[in-house]
1. Check residue B:167 against each of (1) closer than 30 Å to residue B:547 by Cα; (2) touching a residue at least 40 places away in the same chain (Cβ under 8 Å) and name the one condition it does not meet.
2. I want to confirm something. Restricting to segment B:345-356 and keeping residues that are open to solvent by 50 Å² or more (accessible area, probe 1.4 Å) and at pLDDT 90 or above, which single residue is nearest to residue B:333 (Cα to Cα)?
3. Quick one: which residue in A:441, A:450, A:416, A:473 is of a type in the set (Gly, Ala, Ser) and in contact with a strand residue (DSSP E or B) (Cβ under 6 Å, 6 or more places away or on another chain)?
4. If residue A:252 meets every condition in (1) open to solvent by less than 10 Å² (accessible area, probe 1.4 Å); (2) within 14 Å of chain B (Cβ to nearest Cβ); (3) touching a residue at least 60 places away in the same chain (Cβ under 8 Å) apart from one, which number is that one?
5. Counting just the residues of segment A:119-150 that are more than 30 Å from residue B:248 (Cα to Cα) and more than 7 Å from every other protein chain (Cβ to nearest Cβ), which one comes out most open to solvent (accessible area, probe 1.4 Å)?
6. Which residue is surrounded by the most Cβ atoms within 10 Å (Cβ to Cβ), if the candidates are limited to segment B:2-20 and must be at pLDDT 95 or above and within 13 Å of residue B:119 (Cα to Cα)?
7. Going residue by residue through segment B:203-219, is there one that turns out to be at the interface with chain A (Cβ under 7 Å from one of its Cβ atoms) and farther than 30 Å from residue B:321 by Cα?
8. For residue B:51, work out the one condition from (1) at pLDDT below 95; (2) farther than 30 Å from residue B:498 by Cα; (3) in contact with a helix residue (DSSP H, G or I) (Cβ under 9 Å, 6 or more places away or on another chain); (4) small (Gly, Ala, Ser) it doesn't fulfil.
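The values are calculated or read from the model by the stated rules, or taken from the named source; none is laboratory data. A quick note: this is a predicted structure, and the numbers were derived from the prediction, not measured. Ideal geometry is used to build each Cβ from the backbone, glycine not excepted, and the neighbour counts take in all protein chains shown. With ligands, DNA and RNA removed, areas are computed over all heavy atoms of the protein, side chains included. Shrake-Rupley method; radii C 1.70, N 1.55, O 1.52, S 1.80 Å.
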Protein chains: 2
Amino acid sequence: MAFPSDLEIARGAKLKPIEDIAADMGLPARLLEPYGRDVMKIGLGAVDELADAPKAKYVLVSAITPTPLGEGKTTTTVGLGQGFKHLGKRATVAVRQPSMGPTLGIKGGAAGGGYSQVVPMELLNLHLTGDMHAVTAAHNLLAAMVDNHLYQGNALGLDVESITWRRVLDMNDRALRNVVVGLGPKADGVTRQTGFDITAASEVMAALALTTGIEDLRARLGRIVVGYTRSGEPVTAEQLDTAGAMTVLLREAIKPNLMQTLENTPAIVHCGPFGNIATGNSSVVADLVGIRCGDYLITEAGFGADMGAERFFNIKCRVSGQAPDAAVLVATVRALKAHSGKFRIVAGKPLPEELLAENPDDVHAGAANLRKQIENIRMHGVSPVVAVNAFPTDHPSEHAAIREVAEAMGARVAVSTHFSDGGAGATELAEAVAEAAEEPSEFQLLYPSSAPLREKIETVATRVYGADGVTYSAAARKQLDTFERNGFGDLPVCMAKTHLSISSDPKLLGAPTGWTLPVREVRASVGAGFVYPICGDMRTMPGLGSSPAATRIDLDADGEIVGLS
Amino acid sequence: MAFPSDLEIARGAKLKPIEDIAADMGLPARLLEPYGRDVMKIGLGAVDELADAPKAKYVLVSAITPTPLGEGKTTTTVGLGQGFKHLGKRATVAVRQPSMGPTLGIKGGAAGGGYSQVVPMELLNLHLTGDMHAVTAAHNLLAAMVDNHLYQGNALGLDVESITWRRVLDMNDRALRNVVVGLGPKADGVTRQTGFDITAASEVMAALALTTGIEDLRARLGRIVVGYTRSGEPVTAEQLDTAGAMTVLLREAIKPNLMQTLENTPAIVHCGPFGNIATGNSSVVADLVGIRCGDYLITEAGFGADMGAERFFNIKCRVSGQAPDAAVLVATVRALKAHSGKFRIVAGKPLPEELLAENPDDVHAGAANLRKQIENIRMHGVSPVVAVNAFPTDHPSEHAAIREVAEAMGARVAVSTHFSDGGAGATELAEAVAEAAEEPSEFQLLYPSSAPLREKIETVATRVYGADGVTYSAAARKQLDTFERNGFGDLPVCMAKTHLSISSDPKLLGAPTGWTLPVREVRASVGAGFVYPICGDMRTMPGLGSSPAATRIDLDADGEIVGLS
């Protein structure tokens, strides 16, 4: 019998009333607002009200450098949360809200997988409580206000060529990447070139994910820079009198969403900032709530440890003031084999036959990546636990090879079969994480906020990425100088580079050395609170393929959704 | 003391638990899904489950031709609903969901006003349960699929120049009216000119408002025509394999939203199709539910009786199979005076002093409009009730003048002070409506579906608008022929003309005669289910003014919204 689809498994789930999930977490009913039957929003009052509750151990889930297929971080996050229950511990998982564009495009869903999913997956993947749409609305309100400002006479003297604020939609729509707006008669606005990004790439999304509360959000939105005057002064959302209305539009979206896993572990779902040009982490407020709701809070960061975990440590934890107690590094046999450089994995195509054959030597050949990512966790003072996300096509000798590499680095390691077995398959992992989290935390940021921007970039490049150094384009040098002069120099850096290599070249696998990081351009998300150096081509609006998932999504004769998984 | 603002009044409201509102309506809990504390979605199962409940009297609220300020139809709808309670009757009101773009633009809110509002007004005006956003997503998914189809090779042979499917956003953003998409390298799509409309103007919104259930919606979406092949064949959403995913995106949006008025009268809020180019009526499913939930269902149609009511009768009732028992015509002293042609009223400017002076003769001078609109209701076999929406600046002699005009036509008439007094001010109106609704219903459609499109257009133009005839541009003639040939000839017509005159010229007040209706162009919303002849300039994407409401909307120190009213 074939392994059932994610949607089939999800549909067979026995959901617990969401009120009971909340009660188990110690969340009083007055803080909760139902959205449909299976989701609740958690009022931000929870942060203060639960301030005296015991603090959960704070566990990050990161990964080795993934293949284009991804190595199962969300699935492992969910599986680990379920695993703790089998040890008699109360865990909460915190995950990002999936972007709807890719759900309708290539992926068909992103709620974990197999027997480790957040449910109902069709809610998670589509609309949920409307937070993404609220971000879209707040972002596009500011865009309309910018163009209206130009139309009404441009009193602030915005230099039209300098406007960086684009529009967003939660859709994969390549035709919107580069557009000209304001065509037609004068009454139809000022003609200029601009474009659309996917909503996940909005600075509003990043600000929402990094905020600590509604007043802080109001201030962050006010600081958003939409462009510059002809004399080079930044023009902000506050100057356009729009930050208040944007905050009002996000009044519900700032509240985290409570759902559950297939085994009734609480799952807090909140925000989905892009991993390429933003933090790729779920929200600070979700973690500030979740950390008071059980024995373990398991939170996930996008991409490999050089990307998501580095930003989790140096951007998210810098804002939240929270220190992680352990970090899981998800590794797979297929990804480590891929890091040997002997195979080519393409999304949407079957894996090469030779990669599936038993060959622990190939695992060893790719192990440099795992070693470097273990180091990347350790340099922040956090204990790593290597989680082998087991696939049915793996061989025991290959798992043993991963174990050997990890143990040689002094790291804990566990094989986890949460995809096929749910939480019961993740108990070894949960035990290893519990042990790691008992070690005294020595968490440290990699650089102080006061360091100059160039120093921050060079610290991440040389220490985390293993680069020999950094080169800057003339444009990047000028931008860095401008940002320092404008007072943005105290912001942390969010490196925009490929997630398919620790280096900036997606073709360099393993743990590349002897290379230099090229910074092509530097942008500032002043409202979100980071500067992002661009090291490669960063796509901020995906396209649809030749056979989009949307063509398969439909309702069946019983009115049930098909084609999502 | 100044009369309090709408937001102040709304904030002082004593809301009843929304579960209790539902219970009073006879809606069982299993059909309800909470969205936050004060709103519930009503499952469509209600239509079948309540099929045996006694049927409410079905009352339409329409109006004379309004001034640019509007004459208070929503407020009267809400007030009348509250008024019935004072007579010991159970009434439900059904209203449209306000569009968020104008809320952030000029209006600041559209939930009724004074002591006749739907609450919480800040939910109604912003996001609500996300239905508008779902329409935006479904609409833009189809747009992305169209452009992706071109990009992937255009297998269906779509003629790029013929594509009529634009994109939508719920925002006032004039710069998006005319855009060029697909600029840049080939990988960024096919370059072509298109534009954005406001979400309310989406055909998806019109289809959602006119559908009778999820399967019907799926079929309507499939019939949407996005453009034509080079040989002139229509290309549909079904051919692009997108109707299923669009339906899935609208699975929650199809369920009506239950709220309440300031006096705890149930208010079903659902859909907000544009009044200019679509029906401007709330949804069929809202009425199919509401008609089984009490003694009276009061539903509202946009603009004057020549516009909203005509479409209510000939499009909405044709679909729903429901026959109205009475129709309220909202009239104001200021609008009737304006119809004399002696005054100029401009939105956003104070009323002319002379218009506020006591002068029943000016009311008589504008009375032709009221007489014609009474006739427009009667020609559909429905009993009209003239509701004088009283303003503090009115004089008793002016109310008497309206009464005189209405009674001379044999119509019932009542003065209503629901704005200042709530339901207590609407009891006379409620009594008049109750009497009118007791008369045997002789409801009739104005034309059969089988009549040719030109005959339908001419029937509405001559009988409802009082035109001498219709002229067609060459383009319109060609389009009508094409639509008849493509099998769209059985659709009803939704006339797109100004709402500021019964004629197609906004400057012609009263009840113009001796004019001809010019049809410039004809479009088909095949999915929604109507053909719309365009008679004048129809704006489908509003702009922001020099001082948008968004600049005043903010949170106060207590986290409460200010600036919405």
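1. It fails just one condition, (2).
2. B:356
3. Criteria check complete, one pass: A:416.
4. (1)
5. A:149
6. B:18
7. Going residue by residue through segment B:203-219, those that are at the interface with chain A (Cβ under 7 Å from one of its Cβ atoms) are B:214, B:218.
Those left that are additionally farther than 30 Å from residue B:321 by Cα: none.
Checked against the condition, which is being at the interface with chain A (Cβ under 7 Å from one of its Cβ atoms) and farther than 30 Å from residue B:321 by Cα, segment B:203-219 yields no hits at all.
8. (3)
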